[in-house]
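Beneath this line is the structure, given in structure tokens, with notes to follow.
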Amino acid sequence: MGADGAGSAPVVVDSLVKRYGGRAVVDGLTFSAAAGAVTAVLGPNGAGKTTTIACCEGLRRPDGGSVRVLGLDPAADGAALRPRVGVMLQDGGLPTGAGALEVLRHVAGLHSDPVPVDDLVAALGLASFARTRVRRLSGGQRQRLAVACALVGRPEVVFLDEPSAGLDPQARLAVWDVVTQVRDAGACVVLSTHLMEEAERLADHVVVVDGGRVVAQGSPQELTRTESTLSFSATPGLPVASLQAALPPGTSVAEPTAGRYLLTGVHAGPQVAATVASWCATHDVLPEGLGAGRRTLEDVFLDLTGRSLR
Amino acid sequence: MSRSTTAPGRDTGAGVPASPGPRLDLRPRGGAAPWWRRVRRQGALEARTALRNGEQLLLTLVIPVVVLIATARTRVLDVGGALVGEGERPALALAGVLALAVVSTAFTGQAIATGFDRRNGVLRLLATTPLGRSGLLSGKCLAVLALVAVQVVVLAGVGLTLGWRPEAGSLLALLPLLLGVAAFTSLGLLLAGTVRAEATLAAANLVWFLLLAGGGLVLPPEALPGPLPAIAAALPSGALGTALREALVDGRLALVPLLVLAAWAAAAAWAAARWFRWD
């Protein structure tokens, strides 16, 4: 679209800072989101995801840095941006006294060329509660209605804050399918999530956020392929240092739970597997379930953001 | 990087339904409906929601009708030594009840609805749609006007059955009605936009009751005891009640009460614009 500016992504967040009561909730956060792609902002609770998205939506004004959406400033150019941007808030924000279908039709009517409401009703399974007041809907039903409201105006940029929180597996797949369709239609989708599966399955680009900063970003594959793992089970208490010495430098061996051995930092080829097997043979143990695995996004995430509860 | 290489989970179909849902035409073509249509739709949604809400109906229609019948058929208005002529009693009762109806809809009902919309994130979500904040507020004002129009029709109809006979001068009541809507809508927004929803609920109901009892709405300020006449005359409620009584009973514009009402409307609108918080 013309206003995007040559070569710039639809959403560009540059050194964003947002403080509440002097505390920086977002602290120099930078990322961009491309058209025709799903960008997942992944982080633990309190990482600054919602605040970052609220700045993109024009609901919060940055205290530092800049946010550009379709080349415009969301805080200053809201009137020009709002028709082109679809928003789903984490807390819903749907009028509670109106019926579900009534709300969707209402939002559709605010736009000039909305998606046919019936199509969205079918795609997101809204028909069974179309006439129910919003305040009587279950959390998952509200969530699906909110996704429909975010998409009904044919937005170029879609912000979805925790789109599948509280959804049952069927509803989650339906939402993912629709999000994929929006992406394939060429829209720029930015969603926040703390669900690894959602990021891994849905996102083309993952921005891992913690403490208000980007701690890693890339495609799910890029984030997880740097290392693979090799694991096996055997009698507990084997001398892991000895095994580590037998393996290529950079490999580390640990026994995270008794009798379960995990090799990381290794390119898990046949050679390494053979080395493990022969080392086990010299120690007279049988390695059970010896197998290579890719690190999951969750592994990467926990390594990056720590394991302590917050 | 191309998509096909970056999302193996999706492309290998692991767990993703083999037959996805219906294909949607979601090609980006974002645009806004015309301003007036957006505001009209918002106003219609708000008005429909209010008319379906039992508590709101009680407040905006049932209680005013009951008060109208009570004041037109009994001698409640004969207080403070003021003897009301039988001929003007229905007009006097209708004027007071119209003032009460404006406070019910523009202030109490609207403040409670807006307060809970604010708490539930409705204001934030609608502010991200093409409606925007100004369209949202315009829609709310339109809804208040529509509901007050319904109240005027219903209460005037009941008034006719109670012996009220409109005259040309009765149309002068439109000016205080509009100023009253402006003042009390602004006061309602000021309340809803500055305190928590539960506090708004309590305060909006309490204020409604206090203004009914001693604010010069149904009972004229001069009929109230102690220092209340002076206080009520300076309140928007007393000014609205007096201006409506002058219009419906005597066919006159009451200049001082109208000025008091205009001052309240201006001050409350300024304060609401200054202090209203969207979340």
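Bear in mind that the values in this text are calculations on the coordinates, not laboratory data. Everything numeric here is computed off the predicted structure, so don't read it as measured data. Here the Cβ is made from the backbone with ideal geometry for all residues, glycine too, and neighbour counts use every protein chain on show.
Quick look at the numbers
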quantity: Among beta bridges that DSSP assigns inside the protein assembly as shown, antiparallel share in %, nearest 5; calculated: 65 percent
quantity: Cα-Cα separations in region A:227-294 greater than 15 Å, expressed as whole percent; calculated: 43 percent
quantity: Sites A:ALA122 and B:TRP36, calculated FRET efficiency, Cβ-Cβ separation with R0 25 Å, nearest 0.05; calculated: 0.20
quantity: Estimated [θ] at 222 nm from DSSP helical runs (n ≥ 4, -39500 (n - 2.57)) normalised by residues in chain A, nearest 500; calculated: -9000 deg cm²/dmol
quantity: Pairwise centroid distance, computed over Cα atoms, of region B:54-124 with region A:223-300, Å; calculated: 79 Å
quantity: FRET efficiency, B:TRP278 to A:ALA79 (Cβ-Cβ, R0 22 Å, nearest 0.05); calculated: 0.85
quantity: At most 14 other Cβ within 10 Å, DSSP loop - trypsin sites (Lys or Arg not before Pro), region B:216-279; calculated: B:ARG252, B:ARG277
quantity: Relative contact order for region A:227-294, counting Cα pairs under 8 Å that sit 6 or more residues apart, in percent; calculated: 48 percent
quantity: Residue among A:THR257, A:THR50, A:THR132 with the largest mean-square fluctuation in a Gaussian network model of chain A, springs linking Cα atoms under 10 Å; calculated: A:THR257
quantity: Order of A:LEU247, B:LEU187 - criterion: other Cβ atoms within 10 Å of each residue's Cβ, fewest first; calculated: A:LEU247, B:LEU187
quantity: For chain A, alpha-carbon Rg over 2.2 N^0.38 Å; calculated: 1.20
quantity: Computed FRET value (nearest 0.05) for A:VAL285 with A:ALA254, which takes r as the C-beta separation and R₀ as 22 Å; calculated: 0.85
quantity: Cα centroid separation - region B:126-179 against region A:40-102, whole Å; calculated: 34 Å
quantity: Calculated P(r) of region A:114-242 - Cα pairs past 18 Å, %; calculated: 62 percent
quantity: Sequence of B:ILE231, A:ILE53 once ranked by neighbouring C-beta atoms within 10 Å, starting from the fewest; calculated: B:ILE231, A:ILE53
quantity: Region B:34-275: C-alpha pair distances exceeding 22 Å, %; calculated: 50 percent
quantity: Degrees separating the helix B:89-102 axis from the principal Cα axis of chain B, which is the longest one; calculated: 30 degrees
quantity: Sequence of B:PHE276, B:PHE184 once ranked by neighbouring C-beta atoms within 10 Å, starting from the fewest; calculated: B:PHE276, B:PHE184
quantity: Computed [θ] at 222 nm, deg cm²/dmol, chain B (DSSP H ≥ 4; -39,500 (n - 2.57); rounded to nearest 500); calculated: -20000 deg cm²/dmol
quantity: Binned Cα-Cα distances of the protein assembly as shown, short to long, each 10 Å bin given as a whole percent; calculated: 3, 15, 20, 18, 14, 12, 8, 4, 3, 2, 1, 0
quantity: Between helix B:110-119 and chain B: long-axis angle, C-alpha atoms, 0 to 90°, nearest 10; calculated: 30 degrees
